[in-house]
1. What is the sum of charges, Lys and Arg at +1 and Asp and Glu at -1, for the other residues whose Cβ falls under 10 Å from the Cβ of CYS36?
2. Normalise the Debye intensity by I(0) for segment 3-69, one equal point scatterer per Cα, no solvent, then take log10 at q = 0.15, 0.24 Å⁻¹ and round to two decimals.
3. Given the -39500 (n - 2.57) contribution per DSSP H run of 4+ residues, what per-residue ellipticity at 222 nm results for the chain, rounded to the nearest 500 deg cm²/dmol?
4. Lysine pairs, Cα distance under 17 Å, 8 or more residues apart or cross-chain: how many in the chain?
5. Taking springs between alpha-carbon atoms closer than 10 angstrom, which of GLU32, GLU54, GLU40 fluctuates most in the Gaussian network model of the chain?
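Please treat every number below as a calculation from the coordinates, not as lab data. If you're wondering where the values come from, they're calculated on a predicted model, not measured in any experiment. For neighbour counting, all protein chains shown are included, and Cβ atoms are generated from backbone atoms with ideal geometry for every residue, glycine included.
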Amino acid sequence: MSVEKLQEEVDNLLDERDALEEKCDTLPQCEEDDGCETCEVFKKIEEIDQKIEELEAKIEDLMSEEEEDD
């Protein structure tokens, strides 16, 4: 995968994450102290964060490979 495609995927995940965060702020259970622990939306946000980290690591690897090729 190219760096551009990976970055596009990261951007899409960030948009999805932002939408979930907005939704999360409106949920009644989010007002409780332990609301995040039982919140499915919060779990999805954490999964997206993990995917973003993995993609950013791939981007970094690809960019360092390209620099070595130069």
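1. After counting each charged neighbour, the total is -4.
2. Computed log10 I(q)/I(0) values: -0.56, -0.95.
3. -28500 deg cm²/dmol
4. The number of close lysine pairs in the chain is 5.
5. GLU32
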